Every structure is written in structure tokens, then in C-alpha cells.
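Beneath this line is the structure, given in C-alpha cells, with notes to follow.
The values are calculated or read from the model by the stated rules, or taken from the named source; none is laboratory data. In this text the structure is predicted, and so the values were computed from the model without any measurement. Note: ideal-geometry Cβ built from the backbone for every residue, glycine included; neighbour counts use all protein chains shown.
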Amino acid sequence: MKRRNGNTLWIGLLAIAAFALIAADAWAANRHVRCGKRHKLSIVDLDMSPDPVEQGKRVHEWRVKVRVDGDGECETLLEIRERPGDDVAGRAVARVLRPGINNIEIEAAKGYRFRAREHCFQVLADIAQTRKPVDAARRFCARETRHGRRWTMRERGD
């Protein structure tokens, strides 16, 4: 009788150990590396929707093209801010980025509106646990149209 209880105990312990290994494996598979020194991020393009935006209306979403040069996938927090100044134009959103071009949609900040003739923007990312501006080859600005009362980010070729 004691032998049988001992076997049952061992089988139970082995089952618990196997379950723990499977759960740890599944957790590790869902965990992503945070973007850091091994990942170079750059902004290829930044657009808004709708485009153009009527005076007094709001941007609904931002569309960001992020290039990632690096080793494998990484996770980061992206946010869009107006420069100069520090107004949040696009809410922070966590995304897993893959090497190459990533198309990201970011919800616009609810209270953000265009007021000046020109508004320029910068994308910030959480790199190595520090919020930093992401490199961009050019400036991304919304400008009031010639006819006024509307803003666009469209450029020749868009």
C-alpha cells in the first residue's frame, strides 16, 4: 500500500513539473525583447487621417512608418508630440516591431487641434527604457492650405 502511494506522489510531482515547464515556455514565447541598442529605429513617413483636417476638427489617427534595422523583433512604446512645444498629438501605444518597415496606427489625442499655420511633429519611442526622439530623415509638418481653414501633411508625391 505504501509503495502505491509513493508512486502516485511521484506521478503527481512529475505532472506538476511538466505543467510548470509548459507554462514557462508559453510565457517566454509571448514575451518580447524591448527595443534597445541592438535595434536602430527611424521614421520613414508620418501621415494623419483625415488629410486635410478642417479648422476646429480633430485628427482621428496618425499613420507612422517605422524602419527597424536590428536583430529580431522588439517591443516599444510610441508617441507623437508637437515640436517645438511638448503637446501630445498621438497617444502612447505599445507595439512589437519587426526588422524592416512597420506600419503603425496611433490614435490621436482627443483634445489636440490645429491652431497655428504650421505644426511639426516628432515620434518618440521607449529605447532602453528611456523615451527618446526617433531619427527621421526629414521634418513632418502639417501646414495650413493656401485657401486657409484646412491643414495637410501631403507633400509632392504623396
Residues satisfying the stated conditions in the range 79-93, i.e. touching an Asp or Glu at 6+ places or on another chain (Cβ under 8 Å) and modelled with pLDDT of 95 or more
R81, V88, A89, G90
Index of the failed condition, G90 passing every other in (1) small (G, A, S); (2) within 14 Å of the chain's Cα centre (by Cα); (3) farther than 22 Å from K40 by Cβ
(3)
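Among residues belonging to the range 59-72 that are in a loop (DSSP other than H, G, I, E, B) and modelled with pLDDT under 95, point out the one that is farthest from V33 (Cα to Cα). Full working, then the answer.
Filtering the range 59-72 for residues in a loop (DSSP other than H, G, I, E, B) gives 59-60, 71-72.
Of the ones still in play, those that are also modelled with pLDDT under 95 are 71-72.
On the way: D71: 10, G72: 9 Å.
Among residues in the range 59-72 that are in a loop (DSSP other than H, G, I, E, B) and modelled with pLDDT under 95, the one farthest from V33 (Cα to Cα) is D71.
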Tally, over the range 36-57, of residues that are part of a loop (DSSP other than H, G, I, E, B) and surrounded by fewer than 16 Cβ atoms within 10 Å (Cβ to Cβ)
8
Scanning the range 94-139 residue by residue, the ones that are assigned to a strand (DSSP E or B), without any contact (Cβ under 8 Å) to a residue 40 or more places away in the chain, buried (at least 18 other Cβ atoms within 10 Å of the Cβ) and more than 14 Å from the chain's Cα centre (by Cα) total 1
Those residues that are aromatic (F, W, Y) and either over 17 Å from S42 (Cβ atoms) or surrounded by fewer than 16 Cβ atoms within 10 Å (Cβ to Cβ) (or both), I need them from the range 58-76; list them, please.
none
Restricting the search to the range 71-125, which residues are of a type in the set (S, T, N, Q) and under 20 Å from R143 (Cβ atoms)?
Q122
Qualifying positions in the range 41-59 - touching a residue at least 60 places away in the same chain (Cβ under 8 Å) and of a type in the set (S, T, Y):
S42
